[in-house]
Amino acid sequence: MRAGGAATTVTAMARATKPRTRQADVVPIEHVHVAPLAIERFFDVLSAEQKAEFEETISRGRELLAGRVVWSVNSTAKGGGVAELLRSLMAYARAGGVDARWVVIGGEADFFRVTKRIHNHLHGWAGDGGPLGELERAIYESACAGAARQLAELVKPGDIVLLHDPQTAGLTAALKQRGAHVIWRAHVGLDLPNDYARDAWAFLQRYVEPAEAYVFSRQAYAWEPLDPDRVIIIPPSIDPFSPKNEELDAPAVRAILEASGMLADGASRPAVYLHQDGTPGRIDRHVELVGNVGLPDDTPLVTQVSRWDRLKDPLGLIESFVTGVAHDSDAHLLLAGPETSAVADDPEGAGVLNACIERWHSLAPEMRPRIHLALLPMADTEENAAMVNAIQRWSTVVVQKSLAEGFGLTVAEAMWKGKPVVAGAVGGIQDQIVNGESGLLVPPEDLRAFGEAMLGLLLDPERAEQIGRSAQERVRQEFLGSRHLRQYVDLFERVIGGWST
Ligand code: UDP
């Protein structure tokens, strides 16, 4: 064991072996209120056939779930894709007449250290390098037992409980014992499992196994040891009415880019957007631009929006743009991600951002004004989302040059906006883009191929537009919340019916 681990070990062991009835050890669960959102919103974006199917889903769900509560349990109410997904799907489910409730379990630092380690292992990484042994098991089980005791008092036989991610797997057995239908959902996975991933499976398997169904985002992520007949594939989805994706006309896009300082201020009109709950919002904060280089007004723009993470390969993207695009087109490149303070406590993120800034300074003087590094304010999530929305809509081509990716929400977001996307052929990106039809998939390490794909779209606007149209259609068919809700109702029907359907 590494130096420094001993103190933690002793405390954690002491905590883990205390009598389980000691309430002082139990971190209270938190109930997250979700206001309903009108399901009729979907009628504007669905085809007639999809609309009929959605209405059928809603009434089937309402009937099936009458008198039951559908509990979603995870470990954070804010931040991250899972919380965003839950908030939106639960809002529509509640409007559809389902008693859907969201509970967040807490835990002490030791618990989250263990679950972070599991999370990293599931992604195939060493994480902090620590083990997943008996001590970690004791810490994990103790925290889960506390949460399970609290939930068991609320859950009734026949309820549905959706447990999300490794943090909540340890609640499965206790809630099943209450007579609930327990489903476990993993939001992470990797294309080719390695020893770390198998290590995490081995740790979690005994907790997950008693669940009635196991949900994964793509087939490749399903764990080998689980009963394949109980594995259900449900990919993520986007909310077309959230500030991130809601329709913005060209003047609204321009106004948001101007107000946030990305475009020179023309004060064209107030920079407003709609909050998730339909109330008005306004852009009040500024984007930090490295070297103060704002966006050009009338030049094609290639954009990547992502966290400052080496797996998003921002440096590779700069290289492929400089060597493969810049000389044959007048396009600019924008890399947009969270502001510096948001990555201050993320040493890896800060390192990647600094490497990008250094690379920018080392560019040839004529190249610097064509490459933009934008740090978006994160203080208000919905304001940040509105900026992302405007950036994606302003872009000519959107890139996601990931070296690894769970799903890649940014891809679906850009496709929904009718943008041609060039992306690494990794993880869930491959389920979203039909190569050559609704976007371009490129071998993730091939900088030259990325350059060619970006340039090809920039030089052939008709093809780019055609691909953008198919991209939007593909998201309409496969990646909206309406599809997601239907798959959930189908699954609930199966577990309630004892898998007879
Ligand atoms: N995102 C954002 N602001 C940023 C950078 C990213 O809102 O400055 C959003 C992005 O629009 C997407 C999510 O964060 O909705 C990232 O999800 P994705 O699946 O693409 O990647 P992850 O960050 O989960 O690896």
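What to note about this one:
- For the chain, the mean residue ellipticity at 222 nm estimated from helices alone is -13500 deg cm²/dmol, where every DSSP H run of n ≥ 4 contributes -39500 (n - 2.57) and the total is divided by all residues, rounded to the nearest 500.
- Nearby aspartates and glutamates by direct alpha-carbon distance to residue 401 (threshold 12 angstrom, same-chain neighbours under 8 apart not counted): 309, 313, 319, 445, 446
- Nearest-ten-degree value, helix 134-152 long axis tilted from longest Cα axis of the chain: 80 degrees
- Along the axis of the charge dipole computed for the chain (Cβ charges of +1 for Lys and Arg, -1 for Asp and Glu, origin at the Cα centre), the listed residues 482, 252, 118 are led at the positive end by 118.
- The chain: angle of helix 81-95 to the longest principal axis, Cα-based, in degrees nearest 10: 70 degrees
- Ordered by the count of other Cβ atoms within 10 Å of each Cβ, fewest first, 92, 196 give 196, 92.
- Cross-link pairs 78/419; 78/244; 244/312; 116/312; 116/417; 176/244 - those with Cα-Cα distance over 25 Å: 78/419; 116/417; 176/244
- For segment 34-112, averaging the sequence separation of C-alpha pairs within contact (under 8 Å, six or more residues apart) and dividing by the residue count gives a relative contact order of 45 percent.
- Helix axis angle, 5-17 relative to the chain longest principal axis, alpha carbon, degrees: 40 degrees
- Within the chain, the longest segment free of exposed loop sites, counting GluC sites (Glu not before Pro) that fall outside DSSP classes H, G, I, E and B and have at most 14 other Cβ atoms within 10 Å, spans 1-152.
- For the chain, the square roots a ≥ b ≥ c of the C-alpha gyration tensor eigenvalues yield an a/c of 1.5 or more together with a/b exceeding b/c, which makes the shape prolate.
- This model, with +1 at the C-beta of Lys and Arg and -1 at the C-beta of Asp and Glu, gives the chain a dipole about its Cα centre of some 1480 debye.
Every number here is computed from the coordinates shown, using simple stated rules; none is lab data. Model, not experiment: these values are computed from the prediction. Heads up, the Cβs are rebuilt from the backbone with ideal geometry, glycines too, and the neighbour counts pull from every protein chain shown.
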